[in-house]
Amino acid sequence: MGTVDISLLQLLVGLLLVLIPGAILYNYRTGIVGAMFISVARMVVQLFLVGFYLNYLFAWNNIWVNAAWLLLMTGVCTIDLLRRIKLSVKLLFIPVYVSIFIALVLIASFFLKAVLNIENLFDSHYFIPVCGILLGNILSSNVIGLNAFYDGMVKEQSFYNYMLCNGATVKEATKPFFRAALIKSFNPTIASMAAMGLISLPGTLIGQIIGGNSPDIAIRYQIMIMVIIMASSIISLWLSMKWSIRQTLNDYGNIKMDNLTREK
């Protein structure tokens, strides 16, 4: 049994559902109705563009093209991440980019080779979807985690300096902020995993079943997807905090506030 197609007309009918949340938000004068419709429009356009170029990537299935796609998408993810949390792109691009890239390549390679036993790691039918889902979740977790980390460093600067003055190393003084960022970033993921299957059915599982795979295969894929998402997100966030903090401290371990372009 194949997947039921959704025509453009059916898609337009489905998009009418957006009017319901739009009406509720407008009724309560939330001020975000325009932003919501713009986001939906951007999503539709961007996904159609993704579908367009994925057809070519799958047809070419070229290692160099796929590697270039990975490098480019990692850069886009890094810039979007730093802009969302209002940190200096110029100062922190390299440490955050390298952190995301290492986590992405490490976990994707392990999954594709050790778990799926794919002969060609850069096979676009596996490599691009896996890296794409990892990048999306890395972005979400890093936005929350890095924002919490630098918010804590700025707001609790006196506590941080107090620890340094009492003989703590930079590693020891920043440890509470690492802890708080990791907790805030991954509590939602942990809660989501605990409820999965009992309360919620995730998109990957539903997509596989609708696509014709048996529930057994879909469940195994979903378990591994959640594991690699969590592993890559935690590794990338930990490395991003570890390496980016070096760019924001002076020789005495104090925060260089001029290098943090955050809103007051």
* Largest-first ellipsoid semi-axes for the stretch 157-200, taking √(5λ) over the Cα gyration tensor eigenvalues, angstrom -> 36, 8, 5
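Quick check on my link table: of K86/K184; K90/K155; K90/K175, which ones sit more than 21 Å apart, alpha carbon to alpha carbon? Intermediate results must be reported in sequence, preceding the final value.
On the way: K86/K184 18 Å; K90/K155 23 Å; K90/K175 25 Å.
From K86/K184; K90/K155; K90/K175, over 21 Å: K90/K155; K90/K175.
Taking Cα atoms of the stretch 94-158, Rg/Rh with Kirkwood Rh, to two decimals? Working shown, then result.
On the way: Rg = 15.6 Å, Rh = 13.5 Å.
Rg/Rh for the stretch 94-158 comes to 1.16.
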* Distant-in-sequence amide H partners of L249 (H built 1.01 Å from N, under 5 Å) -> K256
* To do: Take the stretch 105-204, drop everything but the C-alpha atoms, weight them equally and run the Debye formula without solvent; then report log10 I(q)/I(0) at 0.11, 0.19 Å⁻¹ to two decimals.
  => -0.54, -0.97
* Asked: Placing +1 at every Lys and Arg Cβ and -1 at every Asp and Glu Cβ, with all other atoms neutral, what dipole size does the stretch 6-147 have around its Cα centre, in debye to the nearest 20?
  -> 540 debye
* Going through the stretch 126-182, which trypsin sites (Lys or Arg not before Pro) have at most 11 other Cβ atoms within 10 Å and a DSSP loop state? -> none
* Structure fact -> Here the FRET efficiency for D151 versus M193, based on Cβ atoms and R0 = 30 Å and rounded to 0.05, is 0.70
* Structure fact -> If one compares the long axis through the Cα atoms of helix 33-60 with the longest principal axis of the Cα atoms of the chain, the angle in degrees, nearest 10, works out at 70 degrees
* Structure fact -> Taking Cα pairs closer than 8 Å and at least 6 residues apart, the relative contact order of the stretch 110-264 in percent is 28 percent
* Structure fact -> Taking a crude spin-label model, label points 7 Å out from Cα along the C-beta direction, the M224 to R29 distance in nm is 5.4 nm
* Mind ranking 29-42, 107-120 by how tightly packed they are, going by the mean number of other C-beta atoms within 10 angstrom, highest first? => 107-120, 29-42
* To do: Kindly provide the pair-distance distribution of the stretch 1-128 built from C-alpha pairs, with 10 Å bins from 0 and whole-percent values in order of increasing distance.
  => 10, 25, 29, 26, 9, 1
* Over all alpha-carbon pairs in the chain, figure out the percentage whose distance exceeds 29 Å. => 44 percent
* Within the chain: Cβ-based charge dipole about Cα centre, in debye rounded to nearest 20 (Lys, Arg +1; Asp, Glu -1) -> 760 debye
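Throughout, read-outs are computed from the coordinates displayed, never taken from laboratory work. Remember, predicted model here, so these are calculated numbers, not experimental data. Note that each Cβ is placed from the backbone with ideal geometry, even for glycine, and that neighbours are counted across all protein chains shown.
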